[in-house]
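Have a look at the structure below, then the notes.
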Amino acid sequence: MVDFEKLGLFYLGRESDPSGASLGNTVLYDSRDLLTHAVCVGMTGSGKTGLCLSIVEEAAIDGVPVIAIDPKGDLSNLLLTFPRLAAEDFRPWIDEDEARRAGVTPEAFAGQQADLWRKGLSDWGEDGARIERLRAAAEFAIYTPGSRAGRPLSIVSSFAAPPEAVRGDAELLSERAASTATGVLTLAGANAEPRGREHTFLSSLFAAAWREGHDLDLGSLIQQVQSPPFQKVGVLDLDSFYPPKERFDLAMQLNAVLASPGFEQWLEGEPLDAGALLYTAKGGPRVSILSIAHLSDAQRMFFVSLLLNQVVGWMRTQSGTTSLRAIVYMDEIAGYFPPVANPSSKPPLLTLLKQARAFGIGVLLATQNTVDLDYKGLANAGTWFLGRLQTERDKARVLEGLEGASAGAVDRAEVDKTLSSLGKRVFLLHNVHEKAPRTFQTRWTLSYLRGPLSRDQIRRLTAQTPAADSGSTKTGAGLSKPGAPTLQARRSETRAPADGGGRPVLEPDIQQFFLPSSRPPAHYVPVALGVARVTFSDAKLNIDESRDVVAIAPIGTGAVPVDWTTAETLDIAPADLETTPADGTSFEPIPKAAAAPKNYAAWQKSFAAWLAQGQRIDLQRHAGLKITARSGESERDFRIRVQNAQREARDEEVEEVRRKYAEKRARLEERVRKAEQGVAREQEQASQQKVQTAVSFGATVLGAFLGRKAVSASTLGRATTAARGLGRSAKEMEDVKRAQENVDVARKALEELDAQIEEDTKAIAARFEADAGRLDTVALAPKRGQIAVQFVALGWKPE
């Protein structure tokens, strides 16, 4: 079995000559090298898709999530994984036309495919157990925007205001607004030329709304096109720059998109959220295939632009890292990254290529159309996988791009020669992190590569996989129900004073507040209302959190009118409390105790005592990494943070092991090299001695055979020399044997060192795997002096 399961290394294949003849060495690609991004180029049939899917498989096995954009329909093959390698598992997914061309029944063809995959995996040291490991390592999902074939995606959130990190950067905000405007105009069939009037106007609309933190959707965008929130564009009046009648025409074009048959499918499903596409609700890695083969060209460009902008926005919310956190992979990039034009997909792609490395995001781009690529932009790519190319023109363009990416450090003539002789599934690997390019043959994929899937097949495949849980963190109290006014909106409403319809008249020393309601209340009930700021701190755990507590308790008529042990804690902020009631409401009579101002001071003391006894925060903690969840951080987000920290720590420990043994290994490699040179030298000397001995011996025999008289003295001398030569030949062979023994000893020492390195790295892997999901819970209570009661007042609860 080939030993390729190594931490942070992707098993891609074996070194070979350009024709594909194996040279034996396993090709293991350091996952961190993908942080400088990768480009894969090859004609149809070169094995390009298989190589890229192998990279995705390796990433999933290592727990690295992937967003894969699929314009052709090939990437859905990642869900065709059959650990049993049984014919009946292959049968539903074979190409029946291919079976007919082969002259066999579908069942027989399925059996052939199962045998082919079983043998192919075995030849590359893989088996069904590794397929099972792949399936268990990550969730695989197919999304089909604008279609219900796979999991639908809603683009409603795509016009939402980007994160603060983007809004606070004028250049980033402008870039995102321009890219989004280009996508929308392209979808509507309008003029999408950058700096054109329509583009400038729409970009200004997006930027103005987002700068204020306001979300948009297509409907509100259409309204703003007709009634913009600004009156100038640059130094020109709005109506001079873009007259109302022409704005109305643009609004009609956008409305035609909104009203078109089937557009409602773009509004269904999970939100288009990069974080949710990368991680499940429980924080596990996800491989999300965004299948867009069913869309028109304009729709594809629109969606890809929105998606890439979402990825850039999500990227801005992440911390920096030196480990691979996620991969963005796009197959058939031609048309989305052209050398001259500037489609809406290009700016966010350039941003990712230039900046994603710092955030742990690797970009993998693949194409067979080498001419339609911006190689200046691809100069940011550190890894190039180059397969068979169609024409000399294609090869010339690739060489031009490769020279730019390597700053001229590539031997163009040598690479040209190699590219001209590449076989199927053989690639030239140029990696700026390695000393020299090398050729290799790709390993057998764990997934069944049956070719593009139809929408019906995607529908069947999606139905067989567990329903995806949304990884979106935008859940809970932070979202309002549809149609319900937000707390901010309620605070801004103008309340008219109540007409006294039953509202009690109380002494002015008694503060009164009204609890907010999603609908106008008909009746108010009196309660004791307490508001406090509670602080939790622990220097060892690096925790210093404060939170506001708003609680209400019933007011009774007994000896203890307010018992805080029966209190209810509300999920609102103190600023949400209102000072005036809703119009036309009635009031419950208040108990006698609530009308006495002195009682509120006593209730405030008991409120503080109740908080001291009952308030605490339970935070998750990973003891091994000494990381504690932040207050309000979901378990999903904390698990993702732990995974990233573990990967960084793991990679650093593995790198430390490599550094520890690097010098010793270099010495042993040099020892092996010199020993091999010694063998070559001794073999050369032995060979020369054999030739000399053979010549001398042959001359002696020939002289003796041709001589008619007694053997001459010279013939005897040659015989003696030949005899000595035989002795020297025997000695040279002994020298060769000893030299080979030196090689064997040196190689054995190197193998033993490699085994030690492997043992050390496996110990690291075992330790991290055992510690992966081990989360503890720590409880913190407020200390003395950390409870600050702001007030206890009379509250009115709506019913």
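The values are calculated or read from the model by the stated rules, or taken from the named source; none is laboratory data. On a predicted model such as this, the values are computed, not experimentally measured, just so you know. Here the Cβ positions follow ideal geometry from the backbone for every residue, glycine too, while neighbour counts run over all protein chains shown. Calculation scope for accessible area: heavy atoms of the full protein, side chains included, ligands and nucleic acids excluded. Shrake-Rupley method; radii C 1.70, N 1.55, O 1.52, S 1.80 Å.
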### Summary
In the stretch 509-542, residues that are more than 22 Å from Leu794 (Cβ to Cβ), surrounded by fewer than 18 Cβ atoms within 10 Å (Cβ to Cβ) and out of contact with any Ser or Thr (no Cβ under 6 Å at 6 or more places or on another chain) total 7
### Query
Which numbered condition trips up Arg784, out of (1) at pLDDT below 85; (2) farther than 30 Å from Gln685 by Cα; (3) open to solvent by 60 Å² or more (accessible area, probe 1.4 Å); (4) part of a helix (DSSP H, G or I)?
(4)
### Message
Looking only at the stretch 562-582, count every residue that is surrounded by 12 or more Cβ atoms within 10 Å (Cβ to Cβ), touching a residue at least 40 places away in the same chain (Cβ under 8 Å) and of a type in the set (S, T, N, Q) and tell me the total.
### Response
1
### Query
In the stretch 417-441, which residue that is assigned to a helix (DSSP H, G or I) and out of contact with any Lys or Arg (no Cβ under 7 Å at 6 or more places or on another chain) is most open to solvent (accessible area, probe 1.4 Å)?
Lys417
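Okay, residues lined up against (1) open to solvent by less than 10 Å² (accessible area, probe 1.4 Å); (2) more than 24 Å from Pro504 (Cα to Cα); (3) touching a Ser or Thr at 6+ places or on another chain (Cβ under 8 Å); (4) assigned to a helix (DSSP H, G or I):
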residue: Asp544; (1), (2), (3), (4): no, yes, yes, no
residue: Arg547; (1), (2), (3), (4): no, yes, yes, no
residue: Val560; (1), (2), (3), (4): no, no, no, no
residue: Ala601; (1), (2), (3), (4): no, no, no, yes
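Which members of the stretch 583-599 meet the condition of being open to solvent by less than 60 Å² (accessible area, probe 1.4 Å) and out of contact with any His (no Cβ under 7 Å at 6 or more places or on another chain)?
Of everything in the stretch 583-599, those that are open to solvent by less than 60 Å² (accessible area, probe 1.4 Å) and out of contact with any His (no Cβ under 7 Å at 6 or more places or on another chain) turn out to be Phe587, Ile590, Pro591, Ala593, Ala594, Ala595, Ala596, Pro597, Asn599.
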#### Entry: Residues of the stretch 269-297 classified as assigned to a helix (DSSP H, G or I) and open to solvent by 30 Å² or more (accessible area, probe 1.4 Å), total
1
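Of the residues in the stretch 298-345, how many are among the polar types (S, T, N, Q), over 21 Å from Leu35 (Cα atoms) and assigned to a helix (DSSP H, G or I)?
Selection size over the stretch 298-345: 2.
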#### Entry: Any pair with Cβ under 8 angstrom, 6 or more apart, that starts in the stretch 193-211 at a residue that is farther than 14 Å from Ser344 by Cα and ends at one that is hydrophobic (A, V, I, L, M, F, W, C) and open to solvent by 30 Å² or more (accessible area, probe 1.4 Å)
Arg197/Phe241; Phe201/Phe241; Ser204/Phe230; Ala208/Phe230
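Taking Glu414, is it out of contact with any Phe, Trp or Tyr (no Cβ under 7 Å at 6 or more places or on another chain), part of a helix (DSSP H, G or I), on the phi < 0 side of the Ramachandran plot and open to solvent by 10 Å² or more (accessible area, probe 1.4 Å)?
On the way: out of contact with any Phe, Trp or Tyr (no Cβ under 7 Å at 6 or more places or on another chain): yes; part of a helix (DSSP H, G or I): yes; on the phi < 0 side of the Ramachandran plot: yes; open to solvent by 10 Å² or more (accessible area, probe 1.4 Å): yes.
Against the criterion (out of contact with any Phe, Trp or Tyr (no Cβ under 7 Å at 6 or more places or on another chain), part of a helix (DSSP H, G or I), on the phi < 0 side of the Ramachandran plot and open to solvent by 10 Å² or more (accessible area, probe 1.4 Å)), Glu414 qualifies.
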### Task
Take the stretch 104-120 and flag every residue that is more than 11 Å from Leu85 (Cα to Cα) and aromatic (Phe, Trp, Tyr).
Phe109
### Query
Does the stretch 583-590 contain any residue that is in contact (Cβ under 8 Å) with a residue 60 or more places away in the chain and within 50 Å of the chain's Cα centre (by Cα)?
no
